[in-house]
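The next block holds one structure in the form of structure tokens; read it before the comments.
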Amino acid sequence: MASRIAVIDFETTGSSPGQGARATEVAIVIVERGAVVDSYQSLMNGGVWVPPFITQLTGITNAMVAEAPPAAEVMAQASRFVGETPLVAHNAAFDRGFWQAELARAGCAAAQPFACTVRLSRRLYPEAPNHQLGTLARFHRLPSAGRAHRALADAQVTAALLLRIQQDLSERWGVAAPEHGFLMALQACAKARLPGFLAQHGAAQALRR
DNA sequence: TGCCAGGCCCTCTTTAGGGCCTT
């Protein structure tokens with residue numbers, strides 16, 4: 001279904017899979033028709049060492065990773081869970097990199113398009129103090145989802161942010177049922193052209209009602 | 001046990017540099 005969107009978040013051992021960093025945890029939250037309808041979460045064992053500062057940041061320890069299922073097994077499950085559903089992440093370039101790298105290791109395809117709530121937030125909420133996930137959660141008074149920097153909690157907050165974005169697009173800018181394709185077009189729209197883009201799309205949607 | 005990337009955006013730009021965001 002076109003309105004179905006999968007929100008994903010990884011915890012990792014570093015910032016770049018190209019530098020040897022591996023995922024330690026993945027969470028996926030399914031958003032459909034303005035609500036969270038399903039979720040998947042798992043730690044994963046990529047056979048790598050978790051640096052102390054990552055443990056301090058996330059609470060994920062080497063012992064937790066050692067006891068987790070193999071990364072390839074988890075990624076195969078995650079791939080089946082997502083299917084062909086388009087993806088959303090907060091700073092999508094980061095999560096897309098790990099999604100593609102870990103799926104490639106697991107021998108799975110990674111063809112889903114990624115929309116980015118950082119890019120969308122910068123377009124829609126220039127008045128926000130900054131566009132870190134925690135700041136945006138406070139700015140929008142989103143419900144708390146548990147410890148920050150754990151995959152499921154961060155995916156749930158990102159899903160709440162996505163729902164807020166969809167709600168505002170509908171109520172403030174007149175865009176009816178903004179789906180993933182619209183979000184991709186919106187985030188690619190130049191800042192200077194945004195007012196016209198939203199006005200034009202809102203009007204186009206209104207004419208179809 | 002540790003060093004530090006990649007992509008995107010803005011502007012004092014585009015023949016570039018610096019800041020943000022993720023772990």
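Every read-out reported here was derived from the displayed coordinates using simple, explicitly stated rules and does not represent laboratory data. Please read these numbers as outputs of a predicted model, since none were measured by experiment. So basically every Cβ, Gly included, is an ideal-geometry build from the backbone, and we count neighbours across all protein chains shown.
Which whole-number percent gives the relative contact order of segment A:40-187, counting Cα pairs below 8 Å spaced six or more residues apart?
21 percent
For segment A:184-200, just list the computed ³J(HN,Hα) in residue order, Karplus coefficients 6.51, -1.76 and 1.60, θ = phi - 60°, integers in Hz, with x standing in for Gly and Pro.
Coupling constants for segment A:184-200: 5, 5, 5, 5, 8, 6, 5, 3, 5, 9, 4, x, x, 4, 5, 5, 5 Hz.
Tabulate in residue order the Karplus-calculated ³J(HN,Hα) for segment A:105-112, using 6.51 cos²θ - 1.76 cosθ + 1.60 with θ = phi - 60°, rounded to whole Hz; enter x for Gly and Pro.
For segment A:105-112, the Karplus curve yields 4, 8, x, 10, 7, 9, 10, 6 Hz.
Looking at chain A, what % of its DSSP beta bridges pair antiparallel, to the nearest 5?
75 percent
Nothing charged except the Cβ atoms of Lys and Arg (+1) and of Asp and Glu (-1): what's the magnitude of the dipole of segment A:5-208 about its Cα centre? Round to the nearest 20 debye. Spell out each step's value before the answer.
Details: 17 positive and 15 negative charges, 135 e Å.
For this selection, approximately 640 debye.
Looking at chain A as a GNM with Cα springs under 10 Å, which of A:LEU43, A:LEU57, A:LEU87 has the largest mean-square fluctuation?
A:LEU57
Multiply the residue gap between A:ASP168 and A:GLN132 by 0.36 nm, knock off their C-alpha separation, and tell me the result in nm, one decimal place.
Extending this stretch completely gives an extra 11.1 nm.
Please check chain A for the longest run free of GluC sites (Glu not before Pro) that are loop-located per DSSP (anything but H, G, I, E, B) and have at most 14 other Cβ atoms within 10 Å.
Numbers: sites that count: A:GLU67, A:GLU84, A:GLU127.
Formally, the longest exposed-site-free interval is A:128-209.
Can you give the extra length, in nm with one decimal, that the chain gains between A:ASN62 and A:GLN19 once fully stretched, where that is 0.36 nm per residue apart less the Cα-Cα distance?
13.6 nm
Convert each backbone phi in segment A:169-180 into a coupling constant with the Karplus relation 6.51 cos²θ - 1.76 cosθ + 1.60 (shift: θ = phi - 60°), then list the ³J(HN,Hα) values in order as whole Hz, x for Gly and Pro.
4, 6, 7, 8, 10, x, 8, 7, 6, x, 9, 4
Of A:ILE54, A:ILE28, A:ILE165, which is the most mobile in a GNM of chain A whose springs link Cα atoms less than 10 angstrom apart?
Of A:ILE54, A:ILE28, A:ILE165, the most mobile in the Gaussian network model is A:ILE54.
Trypsin sites (Lys or Arg not before Pro) within segment A:1-60: which are DSSP loop residues with at most 10 other Cβ atoms inside 10 Å?
Counting only loop positions with at most 10 other Cβ atoms within 10 Å, the trypsin sites (Lys or Arg not before Pro) in segment A:1-60 are A:ARG33.
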